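Asks: One structure is given below, represented as structure tokens, and several questions about it will come after.
The values are calculated or read from the model by the stated rules, or taken from the named source; none is laboratory data. Values in this document were obtained by computation on a predicted structure and should not be read as measured data. Every residue, glycine among them, receives a Cβ derived from its backbone with ideal geometry; neighbour counts consider all protein chains shown. The area values use the complete protein model at the heavy-atom level, side chains included, leaving out ligands, DNA and RNA. Shrake-Rupley method; radii C 1.70, N 1.55, O 1.52, S 1.80 Å.
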Amino acid sequence: MSDKKNVSLKTNRAWCKGCGICVAFCPVKILELKKDKIHVTDIEKCIKCGLCELRCPDFAIYLEEEENAQ
Amino acid sequence: MAVASKLIENNFRMNRLPHIWCPGCGHGIIMRGIAEAIENLGYDKQKVCIISGIGCSSRAPGYMDFNTLHTTHGRALAFATGVKLANPELKVIVISGDGDATAIGGNHLIHAARRNIDITTIIFNNNIYGMTGGQYSPTTPHGELGTTAPYGNVDNVFDICRLAEGAGATYVARGTVYHAKQLEKNIENALENKGFSVVEGISICPTYYGRKNRKGNAAEMMINLKDTTLDKKVAAKLPPEKTEGKLIIGEFVNKIQPEFCEEYHKVVDKFTKED
Amino acid sequence: MPSKNVKLMQGNEACVEGALAAGMKFFAGYPITPSTEIAEISAQRLPRVGGKFIQMEDEIAGMAATIGGSLAGLKSMTATSGPGFSLKQENIGYAMLTEIPCVIVDVQRGGPSTGLPTAPSQSDVMQAKWGTHGDHPVIALTPSSIRETYDLTIQAFNFAEKYRTPVFLMLDEIIGHMREKIEIPDPSEIEIFDRVTPDESEKESYKAYDNNLEVPKMAAFGEGFRFHVTGLMHDEFGFPKNDTTVTEVLMSRIMGKIENNLDDIILYDEYYTEDMDLLILSYGGTVRSVLSAAREAQRAGKKVGVFKVKTLWPFPEKRITELSKTVNKILVAEMNLGQYFYEVDRVAGKNCEVSLLGKANGEPITPTEVRNKIEEVL
């Protein structure tokens, strides 16, 4: 796994099908569905655990390495 | 700008995504797990061949950036046997469903296991025929509903893992899409086994199985997987009354036995090495 | 002068020898009378040439593994008889749509169902054409001697590789089990065709189903092309497309690659056809009785010609139409109750009278029966 400091949470609303799995299992409850698509309510509280990515059937939420984002 | 993780970009045909599976279908979780297992093991993608039959699960190879073959219903293992024997250098993976692998393809499953041919089979078990609209399958529990079991299923279920073990598979494990990380580890171990491996991945089908049997939404079905399963190691320490009715997950078989292609090549070598 | 390679050989054995001469390196099958010797001899010979043999769990799997072997780059064959041919049809259709070169040998026996396992028949002729669902291109060859079995097996592989399609080799129990003297040709005299493969430079742009080519190039799994193959209608890259235009283009190409090359594919022999009152059309083991009776008729001054079909499908429509205009009567002799007969009648019936000498009781059609029929018809 990547060093948690160097990753940030990303979403791809185009691929999100609004199943709600990530919302249900987010340990810090910062995910919600907005118009049936994934929405991060408070990115500052994200603990970068990756559980959302692991269980998203649609690859629509993930932790991205910072270097890659630049 | 990136639209997906590196794992997805490295292992999937990005122009084929998003996939066709329904909202909340667990299949994407297993498909991602397969990709991660391949990446963790560092396999050369040119030498990985992913083969499937027909059904929801069998659409997976079309999304995955390897040598991919979407065959006929139930026959993936028979095609895979041909590919593997013809070129044993290939890492051959079969993706199948509960109906595809154990009903129409049941004969191929047990014989591939008997041969111990080096193929890793991942069975996406969602307890229903999803592609055709929710008919009962060999893993639909007794009494549950399907469109062809409108008064409750009178059939009994296959225990896929015990079936595979009995037929001779040298690696057998069961995991669920809730326990995604463990499932991924099972897939890794299966890929590393030189022989026939079966990983039963318990998936969820909120659209047909879930709706028909009032199992709730996708998240509720995931929680249900947590509540109704027990890890093999944990179960071993519990009294029988505490494990009753629970589905046991974990590794059931992991052993070394002579592999089919290697055995066949010993025969070929007898003639070709004499020259 | 090199000494001649002359052997006494069974038809099924000649089939394997021909296949090996053509470059067969993979065989997957399931035991079934009267084709089993093809599997047995392949099991014996293939490992000796670095090839692979596997006996699968059923006929369906035998066909599937054969396709798998071909996709991995090896020239592949399977063999069966009527009941197994029925079971194989699903994956035969798969091979036709996905354009996988391979050879399927059907040593025909009496049917339907389990029928007459050890008796000859030619009753799978229409199954070869229409056995699998959907429209599809078909090449089916049928030999009438042991040497022809050897030659047409090579030809079957060559057509399979050249046109990227499964090819049927239709033997009958007479030919499969008959023994005859055969002179094996020197390898230098044998023309071998290998599938056209893409080269390294095409790795990124490779189209497994390039519609600009009549027969797209075929890569093998594991060579770095990472392509997709599906039994769904597909685009040029092999990915599923539920689209009428894509389907139409694909279907017209796979039908066209055969229909546009009829002169290359259609093989037949003619005997005494320059001046005739009666033409007998026949094929496979039955032709032997027909030729015997025709020679006798010729000696007796009767103008009886013979058209020996070697390519059953595609149907030799052009030549049969031409001949039907030069003759009053055509007799079709076949070991079934009229299968090829209807096809001949369809094209020749408007020009001359077409009748059938058919038999499906497990016995071959004898020269005497042909002679009697000649007398009846003439």
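Asks: Using only Cα positions of segment C:5-189, each an equal point scatterer, no hydration layer, compute I(q)/I(0) via Debye at q = 0.10, 0.11, 0.17 Å⁻¹ and quote the log10 values to two decimals.
Replies: These q points yield log10 I(q)/I(0) values of -0.32, -0.39, -1.00.
Asks: Taking +1 at the Cβ of each Lys and Arg and -1 at the Cβ of each Asp and Glu, which of B:Pro206, B:Asn15, B:Leu163 sits farthest along the dipole of chain B towards its positive end, judged by Cα position relative to the Cα centre?
Replies: B:Pro206
Asks: With the solvent-accessible surface defined on protein heavy atoms using a 1.4 Å probe, which residues belonging to segment C:209-238 display a reduction of at least 50 Å² in accessible area in the multichain context relative to the isolated chain?
Replies: With the partner chains in place, segment C:209-238 has these residues losing at least 50 Å²: C:Phe221, C:Gly222, C:Arg226, C:His228.
Asks: Could you pull out the longest piece of chain C with no exposed loop trypsin sites (Lys or Arg not before Pro) in it, calling a site exposed if DSSP puts it outside H, G, I, E, B and it has at most 14 other Cβ atoms within 10 Å?
Replies: Within chain C, the longest run free of exposed trypsin sites (Lys or Arg not before Pro) spans C:5-202.
Asks: Rounded to the nearest 0.05, what FRET efficiency do C:Asp58 and B:Lys194 give with R0 = 22 Å and r taken as the Cβ-Cβ distance? Could you check?
Replies: The computed FRET efficiency comes out at 0.25.
Asks: For chain C, what is the charge dipole size about the Cα centre, in debye to the nearest 20, if Lys and Arg each add +1 at the Cβ and Asp and Glu each add -1 at the Cβ?
Replies: So the dipole magnitude of chain C works out to roughly 600 debye.
Asks: Let me ask something else about it. Could you calculate the FRET efficiency of B:Gln46 with C:Met255 from 1/(1 + (r/R0)^6), where r is the beta carbon distance between them and R0 is 30 Å, rounded to 0.05?
Replies: 0.35
Asks: For the protein assembly as shown, what does the accessible surface come to per residue with a 1.4 Å probe? Please give it in Å². Please list the in-between numbers first.
Replies: Details: 28940 Å² over 723 residues.
Roughly 40 Å² per residue, with all protein chains present.
Asks: Continuing with the same structure: Once the Cα atoms of segment A:4-69 are picked out, what are the Rg and Dmax in Å?
Replies: Expressed in Å, the Cα Rg and Dmax of segment A:4-69 come to 10.9, 31.
Asks: Further, regarding this structure: Just grab the label-to-label distance for B:Asn15 and C:Asp263, each label 7 Å out from Cα along the Cβ direction, in nm (one decimal).
Replies: Between B:Asn15 and C:Asp263, the simple spin-label model gives 3.9 nm.
Asks: Right, another one. Simple spin-label model, 7 Å along Cα-to-Cβ: C:Lys4 to B:Val267 in nm?
Replies: Each label point lies 7 Å from its Cα, and together they span 3.6 nm.
Asks: Still on this structure, I have one more. Peptide C:46-55: average number of partner chain Cβ atoms within 10 Å per residue?
Replies: 5
Asks: So if the hydrodynamic radius of chain B is defined as the Kirkwood radius over C-alpha pairs, what does Stokes-Einstein give as its diffusion coefficient at 37 °C and 0.692 mPa s, in µm² per second? Don't jump to the answer; show the numbers that get you there.
Replies: Details: Rh = 19.0 Å.
Reported coefficient: 172 µm²/s.
Asks: How would you order B:261-270, B:56-65 from highest to lowest mean count of nearby Cβ atoms within 10 Å?
Replies: Highest to lowest by the protection proxy: B:56-65, B:261-270.
Asks: Sort out for me the Cα centre separation of segment B:181-255 from segment C:240-280, rounded to whole Å.
Replies: 54 Å
Asks: Ok, one more. Excluding same-chain residues fewer than 8 positions from C:Lys329, which aspartates and glutamates have a Cα within less than 17 Å of its Cα?
Replies: Qualifying aspartates and glutamates at Cα under 17 Å: C:Glu270, C:Glu274, C:Asp275, C:Asp277, C:Glu317, C:Glu343, C:Asp345, C:Glu353, C:Glu375, C:Glu376.
Asks: If you bin every alpha carbon distance in the protein assembly as shown into 20 Å steps from zero, what whole percent lands in each bin?
Replies: 17, 44, 28, 11, 2, 0
Asks: Rg and Dmax of segment B:27-120, Cα atoms, in Å?
Replies: Rg then Dmax for segment B:27-120, in Å: 12.3, 34.
Asks: Which pairs, out of B:Lys270/C:Lys52; C:Lys181/C:Lys308; B:Lys181/C:Lys241; C:Lys207/C:Lys257; A:Lys17/C:Lys241, put more than 25 Å between their alpha-carbon atoms?
Replies: Distance filter (> 25 Å) returns B:Lys181/C:Lys241.
Asks: Which positions within segment A:7-31 get 50 Å² or more of their accessible surface covered by the other protein chains, compared to the chain by itself, with a 1.4 angstrom probe?
Replies: Buried by the other chains: A:Trp15, A:Lys17, A:Ile21, A:Phe25.
Asks: Also, quick follow-up: Place a +1 charge on the Cβ of each Lys and Arg in segment C:269-377 and a -1 charge on the Cβ of each Asp and Glu, then give the dipole magnitude about the Cα centre in debye, rounded to the nearest 20.
Replies: 120 debye
Asks: Ok, one more. Placing +1 at every Lys and Arg Cβ and -1 at every Asp and Glu Cβ, with all other atoms neutral, what dipole size does the protein assembly as shown have around its Cα centre, in debye to the nearest 20?
Replies: 1660 debye
Asks: Report D for segment C:269-377 in µm² per second (integer): Stokes-Einstein, Kirkwood Rh on Cα pairs, 25 °C, 0.890 mPa s. Working shown, then result.
Replies: Values: Rh = 13.5 Å.
Taking Rh from Cα pairs, D becomes 182 µm²/s.
Asks: Continuing with the same structure: So what are the three principal axis dimensions of chain C from its Cα atoms, in whole Å, longest to shortest?
Replies: 68, 48, 48
Asks: Okay, moving on. Roughly how big is the C-B contact, given as buried accessible area in Å² (both sides, 1.4 Å probe, nearest 100)?
Replies: 3300 Å²
Asks: Could you please state how large a percent of the accessible area of the protein assembly as shown is carbon and sulfur, counting protein chains only and using a 1.4 Å probe?
Replies: On the protein assembly as shown, the fraction of accessible area on carbon and sulfur atoms equals 50 percent.
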